[in-house]
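Visitor: Mind having a look at this structure? Questions to follow.
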Amino acid sequence: MKKIKFILSLILVLLVAGLLLWRFMLEPKIPKLVINTNQGAIEINLPKSVGQKISTEPQREDYSLKQTDTYEIFAYAFGGDQSFLISLKQYSAVVRTEAETSFLNSLGITKSAACKLAVLESFTGLPELAGINYGLSFCPDSLPLN
């Protein structure tokens, strides 16, 4: 009786392990891009794998990563340089946090990695604030919302 329980337990463990391995192998892999910064290399999800191309020039690789009613996120690449724009349409800490979370998720990076990237975060919905780089709210050099 103990042998039967042992064999059944072993079969169950092997079956579960096999299913987990099979599921892991079927998950789509997002291609990565390594960006060299002054503070080291950062690996991000390749923008063309997670966004839609917006540039028409062949030497440019510009992508829209996310567009909502309250914010837009773009990735720009030219001559080996990579930069990002988070365009906020409302002066709101909630919208800012939502956009930054979407930015992190789109690129598959942490907050500390994001702080090493060239990111412009500004308000396009308010002309008097357009052009001011607020920076990512969790980075040391960011500007707070008043």
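The values are calculated or read from the model by the stated rules, or taken from the named source; none is laboratory data. Remember, predicted model here, so these are calculated numbers, not experimental data. Quick reminder, even Gly has a Cβ in these numbers, built from the backbone with ideal geometry, and neighbours come from all protein chains shown.
Visitor: Given the conditions (1) part of a loop (DSSP other than H, G, I, E, B); (2) among the aromatic types (Phe, Trp, Tyr); (3) under 11 Å from the mean Cα position of the chain (by Cα), report the number of the one that PHE103 does not fulfil.
Guide: In the conditions (1) part of a loop (DSSP other than H, G, I, E, B); (2) among the aromatic types (Phe, Trp, Tyr); (3) under 11 Å from the mean Cα position of the chain (by Cα), PHE103 misses (1) alone.
Visitor: Just give me the residues in the stretch 71-89 being surrounded by fewer than 16 Cβ atoms within 10 Å (Cβ to Cβ) and either part of a loop (DSSP other than H, G, I, E, B) or among the charged types (D, E, K, R) (or both), in sequence order.
Guide: GLY79, GLY80, ASP81, listed by residue number.
Visitor: State which residue pairs qualify: first residue under 10 Å from SER49 (Cα atoms) and inside the stretch 26-38, second residue among the charged types (D, E, K, R) and modelled with pLDDT of 80 or more in any location, beta carbons under 6 Å apart, and separation of 6 or more residues or different chains.
Guide: LYS32/GLU43
Visitor: Condition check: of a type outside the set (A, V, I, L, M, F, W, C), without any contact (Cβ under 8 Å) to a residue 40 or more places away in the chain and closer than 19 Å to PRO31 by Cβ. Does GLN52 satisfy that?
Guide: Yes: the conditions hold for GLN52.
Visitor: Does LYS66 count as of a type in the set (Lys, Arg) and surrounded by 15 or more Cβ atoms within 10 Å (Cβ to Cβ)?
Guide: Yes, satisfied.
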